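Enquirer: Sharing a structure, written as structure tokens. Questions coming.
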Amino acid sequence: MSEELLINATTPEVRVAIIEQGVVQEIFIERSTRRGLVGNIYNGKVCRVLPGMQASFVDIGLDRAAFLHISDINPSNVGASNDQIQGLVKDDDVVIVQVVKDPLGTKGARLTTNISISSRYLVFMPGMHGSSGVSQKIESEQERLRLRNVLTNFVVSTGSRGGFIARTAAEAVNEELLRGDMNFLIRLWANILDSSQNQDIKLLHEDLPLPLRALRDLVGPETERIRIDSSLHFDKARSFIDTFIPELAPRLEHYVGERPLFDLYHVEDEIAKALQRKVQLKSGGYLIVDQTEAMTTIDVNTGAFVGHRNLEETTFKTNLEAAQAICRQLRLRNLGGIIIIDFIDMVDLEHKNQVIKVLEKCLSLDHAQTQVSKVSAMGLVEMTRKRTRESLEHVLCEPCSCCLGRGFVKTPETTCYEIFREIQQEASQFDVESLLVLASPEVIERLVDEESSHLAELEEAIGKPIRLQAEALYTQEQFDVVLI
């Protein structure tokens, strides 16, 4: 499978796109005003312990206190041993913590004391105490044994208190490079510990910016080209690659074409489509994707696809195509948390199993961790996808100022009847000469047209004249009744 990594950089924003077989699969966006925090390590001060939730809030210098659950606390890292949160941390304790989830919506960042520091080939975990592991994506038992021996021998020979995990990129990498990575990570951790000694709330270690992080984490053996359209970021990437990942140098390319890089690969079009609810399938079917606070729901529909043989076959083919499209949409939109997929009902058990197999196979290419359940009796599939950063929609959009994120507004008819009730209430309570109604042009238009007879009846009933005034800045739901 051919893959390309595109990096589009301007001063305020950097965007990274993964292209597989010529199709956009993932998009990462980082803005200078709102950089991601995942991977950053802080000296944090416990500001509130909540025994009822077995958690605590920790001040790490952000606008909102971050959240630290007892399951994310390594007792050896906080110098205590207890199965209750109040026995592990207390108010005003200073602890070294790492961000594992960015602030999402109204929630603060999620923290852990199980620190992990990544390099190109390895992950160093100071709290593992001499143990070592190998990425599950490395399938060769011989290679897994070789890597585990290299890591274990290094830990034993150096007396390291931490442990290492070999990443997928470590496969077939020689021992000298791996040892160089391990020495680098140990020195980096020692510097972090030195910086933490003064007990102040501060940032101890900041993860790499998005372009360099993409080179470290997203480039694999199947990546054929890395194209960067900014000379400044290209120079930084070349320096980073020459120092840490020299084998990637032949794949790095500075794009200087007249046509914008993301336009060339139709990334801009895909971003626009990813912000829409409806996803069209090639067969004529379609998906409806709804993202809510609690979960994301995806509804599969046959649409214009009527098939050729029978209903079961039509349903099966639509669901197979939808399963592949859903996996791509999850990555493209960066949808995480609980995801409910409403496949079209299938009778044949074998068809249900095949749809799940296709879904799981496509999800195996996802960088995020996923877990899928079987098809329920109602044709629903429950799955989870690990969420560490905001979805594409939340990064690029904000709730509508008219509907406040509901996705709908009251009709002009509804607003007219609310105005009638308000007029009746005001006229019965206060002695006025006349009333002035301020509302949106759509509402005023309905009052002087379809509702004119009702308005005349109301004027006669209250014995007061009612004047109307359109306000262009009012939303369809807004109105004011002014007493004159």
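Enquirer: Hey, can you tell me all the residues within the range 207-228 that are at pLDDT 95 or above and in contact with a Phe, Trp or Tyr (Cβ under 8 Å, 6 or more places away or on another chain)?
Expert: Answer for the range 207-228, where residues must be at pLDDT 95 or above and in contact with a Phe, Trp or Tyr (Cβ under 8 Å, 6 or more places away or on another chain): Arg227, Ile228.
Enquirer: Just to be sure, is Ile192 β-branched (Val, Ile, Thr), at pLDDT 90 or above and either surrounded by 16 or more Cβ atoms within 10 Å (Cβ to Cβ) or in contact with a helix residue (DSSP H, G or I) (Cβ under 9 Å, 6 or more places away or on another chain) (or both)?
Expert: For Ile192, the condition - β-branched (Val, Ile, Thr), at pLDDT 90 or above and either surrounded by 16 or more Cβ atoms within 10 Å (Cβ to Cβ) or in contact with a helix residue (DSSP H, G or I) (Cβ under 9 Å, 6 or more places away or on another chain) (or both) - is met.
Enquirer: Listed residues Val347, Val372, Val409; which is more than 27 Å from Glu268 (Cα to Cα) and either in contact with a Phe, Trp or Tyr (Cβ under 7 Å, 6 or more places away or on another chain) or surrounded by fewer than 13 Cβ atoms within 10 Å (Cβ to Cβ) (or both)?
Expert: Exactly one of Val347, Val372, Val409 is more than 27 Å from Glu268 (Cα to Cα) and either in contact with a Phe, Trp or Tyr (Cβ under 7 Å, 6 or more places away or on another chain) or surrounded by fewer than 13 Cβ atoms within 10 Å (Cβ to Cβ) (or both), namely Val347.
Enquirer: Would you please name the residue that is surrounded by the fewest Cβ atoms within 10 Å (Cβ to Cβ), looking only at residues in the range 376-388 that are over 30 Å from Ala109 (Cα atoms) and in contact with a strand residue (DSSP E or B) (Cβ under 7 Å, 6 or more places away or on another chain)?
Expert: Among those that are over 30 Å from Ala109 (Cα atoms) and in contact with a strand residue (DSSP E or B) (Cβ under 7 Å, 6 or more places away or on another chain), it is Leu380.
Enquirer: While we're looking at this one, here's another question. Let me spell it out: the conditions are (1) surrounded by fewer than 19 Cβ atoms within 10 Å (Cβ to Cβ); (2) small (Gly, Ala, Ser); (3) more than 17 Å from Leu392 (Cβ to Cβ); (4) out of contact with any Leu (no Cβ under 9 Å at 6 or more places or on another chain), and Gly285 meets all of them except one. Which number is the exception?
Expert: Gly285 satisfies all of (1) surrounded by fewer than 19 Cβ atoms within 10 Å (Cβ to Cβ); (2) small (Gly, Ala, Ser); (3) more than 17 Å from Leu392 (Cβ to Cβ); (4) out of contact with any Leu (no Cβ under 9 Å at 6 or more places or on another chain) except (1).
Enquirer: Here is a further query. Looking at the range 143-162, I want the residues that are within 15 Å of Gly127 (Cα to Cα) and at pLDDT 90 or above and have a partner that is of a type in the set (Val, Ile, Thr) and outside any helix (DSSP H, G or I) with Cβ atoms under 8 Å, at least 6 apart or on another chain. Which pairs are those?
Expert: none
Enquirer: Here are some residues: Leu210, Leu185. Which one is surrounded by 19 or more Cβ atoms within 10 Å (Cβ to Cβ), touching an Asp or Glu at 6+ places or on another chain (Cβ under 8 Å) and within 30 Å of Ile7 (Cα to Cα)?
Expert: Leu210
Enquirer: Here is a follow-up. Based on what the data block shows, is Thr296 surrounded by 16 or more Cβ atoms within 10 Å (Cβ to Cβ), more than 24 Å from the chain's Cα centre (by Cα), within 30 Å of Val372 (Cα to Cα) and of a type in the set (Val, Ile, Thr)?
Expert: For Thr296, the condition - surrounded by 16 or more Cβ atoms within 10 Å (Cβ to Cβ), more than 24 Å from the chain's Cα centre (by Cα), within 30 Å of Val372 (Cα to Cα) and of a type in the set (Val, Ile, Thr) - is not met.
Enquirer: Within the range 458-478, is there a residue that is over 27 Å from Cys403 (Cα atoms) and among the β-branched types (Val, Ile, Thr)?
Expert: Yes: one or more hits.
Enquirer: Please find, among Glu450, Glu471, Glu422, Glu426, the residue that is surrounded by 11 or more Cβ atoms within 10 Å (Cβ to Cβ), within 43 Å of the chain's Cα centre (by Cα), charged (D, E, K, R) and not assigned by TED's automatic domain parsing to the domain that holds Gln291.
Expert: Step by step, each of Glu450, Glu471, Glu422, Glu426 is checked, and only Glu471 is surrounded by 11 or more Cβ atoms within 10 Å (Cβ to Cβ), within 43 Å of the chain's Cα centre (by Cα), charged (D, E, K, R) and not assigned by TED's automatic domain parsing to the domain that holds Gln291.
Enquirer: How many residues does the range 46-99 contain that are at pLDDT below 90, polar (S, T, N, Q), farther than 17 Å from Gly127 by Cα and surrounded by 13 or more Cβ atoms within 10 Å (Cβ to Cβ)?
Expert: Summing the residues that are at pLDDT below 90, polar (S, T, N, Q), farther than 17 Å from Gly127 by Cα and surrounded by 13 or more Cβ atoms within 10 Å (Cβ to Cβ) in the range 46-99 gives 1.
Enquirer: How many residues does the range 254-293 contain that are basic (Lys, Arg) and part of a loop (DSSP other than H, G, I, E, B)?
Expert: 3
Enquirer: Does the range 307-326 include one or more residues that are within 24 Å of Lys357 (Cβ to Cβ), among the polar types (S, T, N, Q) and in a strand (DSSP E or B)?
Expert: Scanning the range 307-326, I find no residue that is within 24 Å of Lys357 (Cβ to Cβ), among the polar types (S, T, N, Q) and in a strand (DSSP E or B), so the answer is no.
Enquirer: May I pose another question? Run down Leu264, Leu215, Leu275 and say which single residue is of a type in the set (A, V, I, L, M, F, W, C) and either surrounded by 16 or more Cβ atoms within 10 Å (Cβ to Cβ) or under 30 Å from Ser131 (Cβ atoms) (or both).
Expert: None of the others qualify; the one that does is Leu215.
Enquirer: Next up: I want to confirm something. Restricting to the range 168-178 and keeping residues that are of a type outside the set (A, V, I, L, M, F, W, C) and either at pLDDT 90 or above or not in a helix (DSSP H, G or I) (or both), which single residue is nearest to Pro246 (Cα to Cα)?
Expert: Asn174
Enquirer: Okay, moving on. Residue by residue through the range 474-483, note down the ones that are more than 39 Å from the chain's Cα centre (by Cα) and touching a residue at least 60 places away in the same chain (Cβ under 8 Å).
Expert: Once the filter is applied, which keeps residues that are more than 39 Å from the chain's Cα centre (by Cα) and touching a residue at least 60 places away in the same chain (Cβ under 8 Å), the range 474-483 yields only Val481.
Enquirer: Does the range 389-404 contain any residue that is loosely packed, with under 15 Cβ neighbours inside 10 Å, of a type in the set (D, E, K, R), part of a helix (DSSP H, G or I) and in contact with a helix residue (DSSP H, G or I) (Cβ under 8 Å, 6 or more places away or on another chain)?
Expert: For the range 389-404, residues loosely packed, with under 15 Cβ neighbours inside 10 Å, of a type in the set (D, E, K, R), part of a helix (DSSP H, G or I) and in contact with a helix residue (DSSP H, G or I) (Cβ under 8 Å, 6 or more places away or on another chain): absent.
Enquirer: Which ones in the range 440-465 are of a type in the set (Asp, Glu) and either in contact (Cβ under 8 Å) with a residue 12 or more places away in the chain or not in a helix (DSSP H, G or I) (or both)?
Expert: Glu442, Glu445, Asp449, Glu450, Glu451 - these are the residues of the range 440-465 that are of a type in the set (Asp, Glu) and either in contact (Cβ under 8 Å) with a residue 12 or more places away in the chain or not in a helix (DSSP H, G or I) (or both).
Enquirer: So Val437 fits all but one of (1) assigned by TED's automatic domain parsing to the domain that holds Ala461; (2) surrounded by 19 or more Cβ atoms within 10 Å (Cβ to Cβ); (3) in a helix (DSSP H, G or I); (4) in contact with a helix residue (DSSP H, G or I) (Cβ under 8 Å, 6 or more places away or on another chain); what number is the exception?
Expert: That leaves (3) as the condition not met.
The values are calculated or read from the model by the stated rules, or taken from the named source; none is laboratory data. Bear in mind the structure is a predicted one, so any value in this text is a computation, not a measurement. Cβ: placed from backbone, ideal geometry, glycine included. Neighbour counts: every protein chain shown.
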